[in-house]
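The values are calculated or read from the model by the stated rules, or taken from the named source; none is laboratory data. Remember, predicted model here, so these are calculated numbers, not experimental data. Here the Cβ positions follow ideal geometry from the backbone for every residue, glycine too, while neighbour counts run over all protein chains shown. Side chains included, ligands, DNA and RNA excluded: accessible areas come from the protein's heavy atoms. Shrake-Rupley method; radii C 1.70, N 1.55, O 1.52, S 1.80 Å.
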Amino acid sequence: MQPGGGDPRDTNLKWNGSVPLSVENDVTTANASADRPHAVVFGASVRWAAQSFHRSGTPVLACDAFGDQDTRSLSVGWRHWGSSQQAAEVARQWGQRHRVPAIEVSGSVCSLKPAMPWHQWKSLVEAAGLVVPETIPAGDLSMSKLRELAHTGNWLCKRSGSCGGLGVRQLNFDINRDFDEHDLIQQRVVGRPLGIVAFRQQSRTTVIGACRSITKKLNWTDPDDCLPFVYAGSVGTCRLPHLKWNCISRLAASLGDVLDLRGLLNLDFVLSRSGALWCLEINSRPSASCEIVEWDLTRREILSADDSLMRWHLDAINGGCPVRGNQYAHINHITSIRSTQRECPTRIKRVLYARRPLTVIPAQLPVHPVMLASGVRAWVTDIPVDRTDVPRNTPVVTMHLECDPNVPAANWIRRFESQLTQQLAMNRGDS
């Protein structure tokens with residue numbers, strides 16, 4: 001990754017890193033090519049989605065903030081999204097030129113309004129047998145009540161349309177004066193964060209996997225500006241007791257019916273120490289943890305080597321039924337059993353953030369898997385095209401680790417992170 005991925009004001013089209021193309025040439029070239037795109041994928045970083053489409057042989061256009069070398073190599077064209085506020089419109093216009101849908105994936109920070117009123121969301125969660133933290137729309141609170149909640153230190157402010165933890169801050173009345181009526185004030189729940197991935201085609205919704213989410217606290221000079229729960233990766237896949245799977249499945253099905261969803265969706269939970277499963281929110285789009293779930297379904301031979309979750313997603317939003325009956329049977333089997341991490345391989349996806357200013361030299365990074373030890377494979381993605389100076393608290397690259405059963409994966413991802421950090425720190429002395 002690299003901050004910015006170019007001048008946000010530059011809306012020229014870039015075709016696999018080549019010279020900018022005019023709109024007219026872009027349309028003509030794409031339509032005449034054997035790799036005519038099937039969709040535009042957009043978000044802050046779309047590498048994993050482009051990778052998923054690529055494995056199924058589905059050409060796509062990519063629109064994000066970084067334009068990393070792997071994103072460009074996995075797509076038939078790349079365009080900078082302009083700015084986070086313009087991303088959806090930029091992608092839609094590009095898709096209209098090619099007569100293909102624009103698909104939002106994880107990491108987009110477009111300004112989206114809530115899909116349903118909070119009280120309706122709460123009712124659906126409770127009807128499924130789950131619990132939800134006390135949550136109040138900011139527009140329903142007086143300033144005196146906000147001040148009272150802020151003083152307890154146990155409440156969060158969640159900005160409307162944000163994702164990946166970038167819009168979540170500790171509720172502090174002194175810095176959070178400018179509330180949008182759609183912002184949510186939510187009581188903090190302590191526990192292990194989980195990302196649940198579900199898939200819906202036509203009128204059928206199925207939970208296809210679960211991952212433990214990794215979050216990171218980003219501190220700034222002003223402590224009031226810190227981001228306590230920024231997304232930093234996923235570990236998976238994990239199993240939950242059968243009863244909890246049933247509750248999650250009921251909720252996913254209800255949400256799919258009410259919101260008329262199609263394709264992949266993600267639900268965020270916190271598993272408390274008491275065993276309660278707290279539902280925080282739904283993201284009605286593919287999430288970053290889908291990459292881990294796709295690996296697991298491939299490993300279990302539910303997904304073939306030339307099929308992918310993003311291809312499922314595209315087919316579903318187009319009204320198709322990519323998942324067949326025998327695949328449903330296998331999915332329902334693997335998500336209804338409780339197994340320990342020791343019984344299965346582990347896959348970790350971890351975003352490396354710069355603790356201090358760093359310089360990234362792409363040629364020095366392990367693009368292809370390397371063996372750190374017996375049964376431990378590691379590699380790096382989201383690599384910038386050129387040598388790049390990365391500011392503090394900015395994503396640098398994404399680390400990946402795949403471990404055999406009984407291998408302490410958490411220890412090895414820390415070692416891998418330490419090795420990369422040391423290498424990147426040495427680059428600051430290069431000319």
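Taking the criterion of being open to solvent by 40 Å² or more (accessible area, probe 1.4 Å) and aliphatic (A, V, I, L, M), the only residue of region 199-252 that qualifies is L243. Contact map, region 27-45: first residue part of a helix (DSSP H, G or I) and of a type outside the set (A, V, I, L, M), second residue open to solvent by 10 Å² or more (accessible area, probe 1.4 Å) and at pLDDT below 85, Cβ cut-off under 8 Å, separation 6 or more or different chains; pairs are T29/W15; T29/L21.
Scanning region 187-214 for residues that are outside any loop (DSSP other than H, G, I, E, B) and either over 14 Å from F269 (Cβ atoms) or at pLDDT below 90 (or both) yields Q187, F199, R200, Q201, R204, T205, T206, I208, I214.
Looking across region 352-399, the residues that are acidic (D, E) and in a loop (DSSP other than H, G, I, E, B) come down to D382, D386.
Going through region 402-411 one residue at a time, which ones are farther than 18 Å from K216 by Cα and either open to solvent by 40 Å² or more (accessible area, probe 1.4 Å) or in a strand (DSSP E or B) (or both)? Listed by number, the residues that qualify are E402, C403, D404, P405, N406, P408. Can you name every residue in region 369-380 that is within 24 Å of the chain's Cα centre (by Cα) and open to solvent by 10 Å² or more (accessible area, probe 1.4 Å)? If the condition is that a residue be within 24 Å of the chain's Cα centre (by Cα) and open to solvent by 10 Å² or more (accessible area, probe 1.4 Å), then P369, R377, W379 are the ones that fit.
I'm checking my understanding of the structure. Among residues of region 281-299 that are acidic (D, E) and within 11 Å of G209 (Cβ to Cβ), which one is modelled with the lowest pLDDT? Checking each candidate, the answer is D296. Filtering region 259-271 for residues that are over 21 Å from the mean Cα position of the chain (by Cα) and not small (G, A, S) leaves a non-empty set.
Exactly one residue among L259, L264, L280, L271 is touching a Gly at 6+ places or on another chain (Cβ under 9 Å) and in contact (Cβ under 8 Å) with a residue 60 or more places away in the chain, and that residue is L271.
Residue-wise test of (1) in contact with a helix residue (DSSP H, G or I) (Cβ under 6 Å, 6 or more places away or on another chain); (2) of a type in the set (A, V, I, L, M, F, W, C).
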residue	(1), (2)
L358	yes, yes
P369	no, no
T381	yes, no
T398	no, no
I413	no, yes
S418	no, no
Q422	no, no
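Just so you know, in region 128-180 the residues that are among the basic types (K, R) and closer than 27 Å to S106 by Cα include one that is modelled with the lowest pLDDT, and it is R159.
Taking the conditions (1) surrounded by fewer than 24 Cβ atoms within 10 Å (Cβ to Cβ); (2) at pLDDT 90 or above in turn, S84 satisfies each one other than (2).
The residue pairs whose first member lies in region 200-221 and is over 29 Å from T346 (Cα atoms) and among the aromatic types (F, W, Y), whose second member is modelled with pLDDT under 85 and part of a loop (DSSP other than H, G, I, E, B), and whose beta carbons are closer than 7 Å, counting only pairs six or more residues apart or on different chains, are W220/C226.
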